[in-house]
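Participant: Sending over a structure as structure tokens; questions will come in a sec.
Bear in mind that the values in this text are calculations on the coordinates, not laboratory data. The structure presented is a predicted model; accordingly, all values stated were derived computationally and were not measured. Here the Cβ positions follow ideal geometry from the backbone for every residue, glycine too, while neighbour counts run over all protein chains shown.
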Amino acid sequence: MGSLYSDHPTWLHGVPAGVKLAFLALLGTGVFFTQALSVLVGSAACCVLIFASLGKATTRAKPLLMGLVFASVLIGMFHLYMQQPMVGAVSVLRLLSTTLMGIALTLTTRYTDLLEVLEWLLAPLRWIGVQPERLSLHVALMLRFTENFFIVWRRLDDAHRLRTGKAGGFKILAPLTIHMLIAARRVADTLHVRYRR
């Protein structure tokens with residue numbers, strides 16, 4: 001599977017995965033507990049600056065950034081149409097802050113580091129018979145498949161554009177589904193062999 005993780009070193013690569021996850025959780029919670037426009041503008045500005053400071057490492061995230069811009073415009077236009085400009089501004093600023101930091105986390109954190117943090121957080125569940133290693137693996141696979149979905153979608157769309165000069169749209173849905181099912185089967189077979197030993 002493809003990965004958005006960037007090998008280009010940045011200052012954020014050196015920050016422990018647990019600290020980055022905690023910051024993202026606090027940020028995501030904080031922006032949804034306030035509707036103060038000044039606070040949300042400040043939060044979004046800080047997130048933009050942090051993301052921009054990653055430099056060349058952000059190159060891999062261009063498709064996601066285009067999706068973020070597109071989603072923000074749609075949300076803003078919808079709320080303007082509904083005559084709710086303040087609700088639209090709040091929604092867009094929340095989306096901008098949390099998404100940029102989520103992408104930054106993905107670009108600068110290896111999955112093995114995320115797995116270690118998840119296993120540590122889930123360790124107390126051993127007392128009720130839950131295996132934290134398997135649960136953290138499920139979460140990691142979900143995140144990885146979500147990321148891989150967008151990577152495959154972009155590749156298929158680029159290939160369609162080269163052939164036809166137009167965006168793939170719903171036409172690439174069938175090959176995208178087939179690619180994802182094949183990837184899921186491959187991972188399932190690998191896990192079956194691993195845990196059967």
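Participant: Whole-Hz Karplus ³J(HN,Hα) for segment 34-51, in order, using 6.51 cos²θ - 1.76 cosθ + 1.60 and θ = phi - 60°, x for Gly and Pro?
Facilitator: 10, 10, 5, 4, 5, 5, 5, 5, x, 4, 5, 5, 4, 5, 5, 5, 4, 5
Participant: Taking θ as phi - 60°, what are the ³J(HN,Hα) couplings along segment 86-99 by the Karplus curve (6.51, -1.76, 1.60), each to the nearest whole Hz, with x for Gly and Pro?
Facilitator: Once rounded to whole Hz, the list reads 5, 4, x, 5, 4, 5, 5, 5, 5, 4, 4, 5, 5, 5.
Participant: With N set to the residue count of the chain, report its C-alpha Rg divided by 2.2 N^0.38 Å to two decimal places. Could you put the intermediate results ahead of the total?
Facilitator: Details: Rg = 19.3 Å, N = 197, 2.2 N^0.38 = 16.4 Å.
Working it through for the chain, the quotient is 1.18.
Participant: Quick check: from the Cα gyration tensor, does segment 19-105 come out rounded (a/c under 1.5), prolate or oblate?
Facilitator: Numbers: a/c = 2.33, a/b = 1.34, b/c = 1.74.
The shape class here is oblate.
Participant: Then there is this: From the residues 102, 29, 187, which one has its Cα farthest along the dipole of the chain in the positive direction, the dipole being from +1 and -1 charges on Cβ of Lys/Arg and Asp/Glu about the Cα centre?
Facilitator: 187
Participant: Counting just the Cα atoms, what span does segment 106-155 cover along each of its three principal axes? Round to the nearest Å and put the largest first.
Facilitator: 44, 20, 10
Participant: Further question on the same structure: Kindly write out, for segment 64-78 in residue order, the coupling ³J(HN,Hα) from the Karplus curve 6.51 cos²θ - 1.76 cosθ + 1.60 (θ = phi - 60°), rounded to whole Hz, with x marking Gly and Pro.
Facilitator: 5, 5, 5, x, 4, 4, 4, 5, 4, 5, 4, 5, x, 5, 4
Participant: Something else now. Relative contact order for the chain: what percent, with Cα pairs under 8 Å and sequence separation of 6 or more?
Facilitator: Numbers: 140 pairs, mean separation 50.3, N = 197.
Relative contact order of the chain: 26 percent.
Participant: Something else about it: Mind jotting down the distance between the C-alpha centroids of segment 71-99 and segment 154-197, whole Å?
Facilitator: 31 Å
Participant: Within the chain, which is the longest segment containing none of the chymotrypsin sites (Phe, Trp or Tyr not before Pro) that sit in a DSSP loop and have at most 12 other Cβ atoms within 10 Å? It would help to have the intermediate numbers written out before the result.
Facilitator: Working: sites that count: 32, 33.
The reported range is 34-197.
Participant: Further question on the same structure: Any idea how many Lys pairs in the chain come in under 28 angstrom at the alpha carbon, given 8 or more places apart or on separate chains? Mind dumping the intermediate values first?
Facilitator: Details: 20/56; 20/62; 62/166; 62/171.
Qualifying lysine pairs in the chain: 4.
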